[in-house]
Every structure is written in C-alpha cells, then in structure tokens.
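Take a look at the structure below.
Derivation of every value follows stated rules applied to the coordinates shown; laboratory data play no part. These numbers come from a predicted model, not from an experiment. When we count neighbours, we look across all protein chains shown, and the Cβ atoms used for this are built from the backbone with ideal geometry, even at glycine.
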Amino acid sequence: MNDPSRLVYEPHVGASRQYWRDIVLGVNDGLVSMFLLVAGVVGGGFDRRQVLLTAIAGAVAGAVSMAAGEYLATKSQREVLASEIDLERTHIEHFRNRELAQLYQLFRDVGITEEDLPDVVRAFSRDDQTLLNAMKVMEFGIVDSEERSPVTAMLMSGGLFLAGSIPAVAPFLFDLRPHVALAVGAGLAAVALFSVGVVKTFITRTSPIVAGLENLAIAALGGGMAYAVGNLVGAAV
C-alpha cells in the first residue's frame, strides 16, 4: 500500500487533453494504414518504384482526408453544441421552472442528497448565466476549457498521419527489393507502433507493455490480411 505521506501531487494533463484523440488517431492511422497499403501492393507484385509512388500518393491522400475530415467534424460538433446552448438560453428565459426541475434531477443523478438538493440548485440558479453554465456542464457535458479548435485538430490529424506513414514508406526510397523493403518497413512500423502505445500510457496511466503490444497486434493482423489479399488479387489479374 502506498504511504500517503510520500505521495506527490500529480497535475492533470491540461490543455492538450482534448487533442489526444487526434494525436493517437493520426499517428496510428498513418502507421497502420500505410503499412497495410504497402503490404497489399507488394503482395500484389508491384516493383519498388510502383510501391513508392503508390505509398506517397496514399500518404498525401490520407493526410488530406484526415485533416479535412477532422476539421469538418470538429467544426460541425461545435456548431451543434452552440445551437443547443442558444436553445438552452431560450428555455431558461421562457421555461425556467422546467429547467430548474431538470437541474434537480441532474444533481440527484450525480449523488447529491435530497436534503442538500434545494441549496445546491438555489446556488446554481441565482442568475440566468450561472444557471446556463450549470446546464452546459450537467446536461451537455460542455466545459469551455475543453473546447477543441477545428484548425488544431486538423493540423494534428493530418500532420501526424504523414509522420506515421514514414516508417512504412521510407525503405522504398532505397534500392532494395520490394520484399526486403517491406520487411524493413515492418520492423520500423513495429517499433513506432509499440512506442506510440508506450507514450500513450504517460497520459492514460495504464500498462505500457499491454498498450504497445495491443498496437502491434492490430497492425500485424491487418498487415497479414492486406498482404494475403494483395497476393490473391495479383494472381487473379
């Protein structure tokens, strides 16, 4: 058991917390999808130059698609929530008692005792803005400091996808046979995937070994399937 007297206060992640989804998704998607693409076309019988051209085109297309998709998704989510907040403001102005009844239930759901509920609700409903802030958090789960910027999300997703594509693509820049380059790319991607899993645990506080192996297992399974499909298609055509 940990000695409480020796515990050190550990700060929260802070401002980067809301972007870890983009960070992990972007780099992992680049690592996995580009390795799968390369494995598939090597299995299909492409030569080194053909694989390289396909991989570069795939990396650029994937990065643009990730960036555009994340920008639009994040912007749309912000617009939906802004619309909901505007409607909530109208509800508070014209249907205040219904909103107070809803706030009672929301606080009851999080464990506030019946005897404390009137005082708690009264404190959060002294004015319209305070009530709106309470409803933003309790009803919609909106915390202003957790708001995600569409531009930041876009740059992280697209940029990290490109970075993640490097291990699978880089070996084909050199004068290596396709299967040799694929093996080198697989090794580099494996190291990168395991490292991403380990780095993620600095935030999630879970087992680095389990997280690293989980990343590796997903990529290995997908890579084997992509190579097999490429082989079958290559033989068929």
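Numbers at a glance
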{"item": "Mean residue ellipticity (222 nm) of the chain, computed from DSSP H runs ≥ 4 via -39,500 (n - 2.57), nearest 500", "result": "-27000 deg cm²/dmol"}
{"item": "Virtual spin-label span in nm between Arg98 and Gln50, 7 Å along Cα→Cβ", "result": "6.5 nm"}
{"item": "Average Cα contact separation per residue, the stretch 16-224, under 8 Å, 6 or more apart, as relative contact order %", "result": "39 percent"}
{"item": "Residues whose placed amide H lies under 5 Å from that of Ile142, excluding near-sequence neighbours", "result": "Val137"}
{"item": "Ranking of Phe35, Phe46, Phe140 by count of other Cβ atoms within 10 Å, fewest first", "result": "Phe140, Phe46, Phe35"}
{"item": "Positive dipole terminus of the chain, leading residue within Val233, Leu221, Val121 (C-beta point charges)", "result": "Val233"}
{"item": "Of the DSSP H helices in the chain, those whose Cα atoms cover at least 15 Å axially and whose Kyte score averages -1.0 or more", "result": "20-43, 48-94, 128-140, 150-169, 178-204, 208-236"}
{"item": "Given (1) 161; (2) 134; (3) 189, the label whose value is volume of the Cα convex hull per residue in Å³ derived from this model", "result": "(3)"}
